[in-house]
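Colleague: Dropping the structure in here first, questions after.
Every number here is computed from the coordinates shown, using simple stated rules; none is lab data. From a predicted model like this one, the values you see are computed outputs, not experimental measurements. For neighbour counting, all protein chains shown are included, and Cβ atoms are generated from backbone atoms with ideal geometry for every residue, glycine included.
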C-alpha cells in the first residue's frame, strides 16, 4: 500500500522533486556525531541514497534518492546507532542546533542540546504543531543565529555553579524574515524546559495551521504574547537537568583558543567514501566524535597531545586540504531544484559558476544561496545572500530565474535587500564586483 506523504513528514520524510523518490532527514543534536554513527550514515547512503548525503545549515543530515520501500529500513538503521528522523520535518520540535561550536563553552551547550533533544523528540505533546518549531542552544552571540529560532538559548554564564541562559523567541527567516526578541534574561537551566513547554503550548493553542510562532507574536505583539505565556507558565516549576557526572562528547579545550580542525564541504554534499575518511580522522585524532557545523562543514576537536599538523595532513590526503576555490570561498547552499520540490534553480551549479567569478577578496566574506524564498541556507545571515524568488518566462517560453540580493553589515540582525528581481546576468556581474571588493 502506498504511503501517505503528509503523514510521513513527522518521520522526517519529504517527497523529492523527482517522482517516486524521497528525502529522509536525520536529527543530529548540536551537530555532534560519533564515528560509529557516521559509518552507519555511510552505509545507508551507499545502500539506498546513491552514495552521498547532504549536510544542512542546521547541522542535520539528509539522505536523498530514497525509494518508498526502503524508508522503514533507513529509519531502523538510524535507530541502531541512536539517531532518529522523528520530528525532523513537519509540525514538530526540529533538531536542537548549536551554531557556535568554536566557542570555549561549547562542551556545556552540546550537553544541554542533547537533553532538550531527548525531552522533545518523539514526545506526542510536542507533535502536531501548527508548523515547525526550532530550538537553538548557543555558546555566545556570534553569528546571530539565536535571532532565527523559535526559541534561541544563549549561554550567559554560571551563578553558584548553575548555568544560565538568555532566552530569545519568535525568530524566523523564510518569506517573512523576523528577528527574535529577548524573552527573558539569565534563566537558570532548571527553568528552561518548563519555559519552552509553555511557549510551545501557547503556540499550539493560539496559532493557525501553517503559521510559525513569529506570526502569532506579530499578531499579538510582544506584550500580548507575554500575557498568554504568563497564564500558562508556573513561576515555581523547575525540572532539574543536573548530571551525576561531568558529561561531554567532544574533547574539552584545555584553554582557549579551542584546538580544532575543519574540513570544508562544498554545498554540504558529501560522498559516503569521503565521510568514511572523516570518521577515521575523528577516531584517530578527536576522541571518536566529529561536529557538523552550520556552514555545512565538519569540525574536529583535537585530543590533548595531538599535533594539529599531523591531523591536518591526514585531512589533506583525504581531499580536504583547502586548496580549491570551493573550499576557500565559504558558501551555504541548499539542494535547490537538484532534489527539492520547492527549488527554483540548480543551486550547486549556480554557486560553482559564481565562485569562478569571485576574486580572492571573496574569501573574506560569507556567502549563501537559497533556491527558493524559504531561505533554508540562511542568506539573510550571510555577508552576501542570494535568494531565487521566482521564475519568469523568457523568449521561447524559457523559464528564467529572478533573484533578490542581500548584504549584511556588522551589527545588523539580518542583511538588507540591495537588489530585487534581478536576472542571472546582472547577478553574475554584481557578485563579481562584490567578490573583488571584499569585506572592509
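Colleague: Considering the Cα positions of region 153-216, please state its Rg to one decimal place and its Dmax as a whole number of Å.
Modeller: Using the Cα atoms of region 153-216, the pair Rg, Dmax is 13.6, 43 Å.
Colleague: Right, another one. By counting other Cβ atoms within 10 Å of each Cβ, how are 138, 246 ranked from fewest to most?
Modeller: Ascending number of Cβ neighbours within 10 Å: 246, 138.
Colleague: Would any residue of region 361-382 have its amide N under 16 Å from a label point 7 Å out along Cα→Cβ of residue 353? List them or say none.
Modeller: Counting only backbone N, you get 369-372.
Colleague: Normalised radius of gyration for region 331-437, please: alpha carbon Rg relative to 2.2 N^0.38 Å, two decimal places. Could you put the intermediate results ahead of the total?
Modeller: Details: Rg = 13.1 Å, N = 107, 2.2 N^0.38 = 13.0 Å.
Relative to the rule-of-thumb radius for its length, region 331-437 sits at 1.01.
Colleague: Applying 1/(1 + (r/R0)^6) with R0 = 30 Å to the Cβ-Cβ distance of residue 310 and residue 252, what FRET efficiency is obtained, to the nearest 0.05? Let's see the in-between values first.
Modeller: Working: r = 20 Å, r/R0 = 0.68.
Between residue 310 and residue 252 the formula returns 0.90.
Colleague: Can you give the Rg to Rh ratio for region 260-324, taking only C-alpha atoms and Rh from Kirkwood?
Modeller: 0.93
Colleague: According to the square roots a ≥ b ≥ c of the eigenvalues of the Cα gyration tensor, what is the shape class of region 33-90, taking rounded for a/c under 1.5, prolate for a/b larger than b/c otherwise, and oblate for the remainder?
Modeller: rounded
Colleague: Please identify, among 123, 337, 297, the residue showing maximal mean-square fluctuation in a Gaussian network model of the chain using a 10 angstrom Cα cutoff.
Modeller: In this elastic network of the chain, the residue with the biggest mean-square fluctuation among 123, 337, 297 is 123.
Colleague: For region 331-437, give me the percentage of DSSP beta bridges that are antiparallel, rounded to the nearest 5 percent.
Modeller: 65
Colleague: Just from its helices, what would the mean residue ellipticity at 222 nm be for the chain, if runs of 4 or more DSSP H residues each count -39500 (n - 2.57) and the sum is divided by every residue, rounded to the nearest 500 deg cm²/dmol? Display every interim value, and only then the final one.
Modeller: Details: 11 runs with 130 residues, N = 440.
Calculated mean residue ellipticity at 222 nm is -9000 deg cm²/dmol.
Colleague: So, one more: Counting other C-beta atoms within 10 Å, which of 367, 65 has the fewest, and how do the rest follow?
Modeller: Starting with the residue having the fewest Cβ neighbours, the order is 65, 367.
Colleague: Suppose we keep just the DSSP beta bridges with both residues in region 91-249; what percent of those would be antiparallel, to 5?
Modeller: The answer is about 70 percent antiparallel.
Colleague: Roughly speaking, what is the centre-to-centre gap between region 1-74 and region 125-149 when only Cα atoms are used, to the nearest Å?
Modeller: 21
Colleague: Any chance you could run the full-extension gain for residue 280 through residue 205? It's 0.36 nm times the residue separation minus the Cα-Cα distance, nm to one decimal.
Modeller: Working: separation 75, 0.36 × 75 = 27.00 nm, distance 4.72 nm.
Length difference between fully extended and current span is 22.3 nm.
Colleague: Which of 422, 151 has the fewest other C-beta atoms within 10 Å, and how do the rest follow up to the most?
Modeller: 422, 151
Colleague: If you don't mind, another one. Which distance in nm do the two modelled labels at residue 409 and residue 433 give, with both placed 7 Å along the Cα-to-Cβ direction?
Modeller: Those two pseudo-labels are separated by 1.7 nm.
Colleague: So for region 91-249, what percent of the C-alpha to C-alpha distances run longer than 23 Å?
Modeller: Counting pairs separated by more than 23 Å, the tail of P(r) holds 33 percent.
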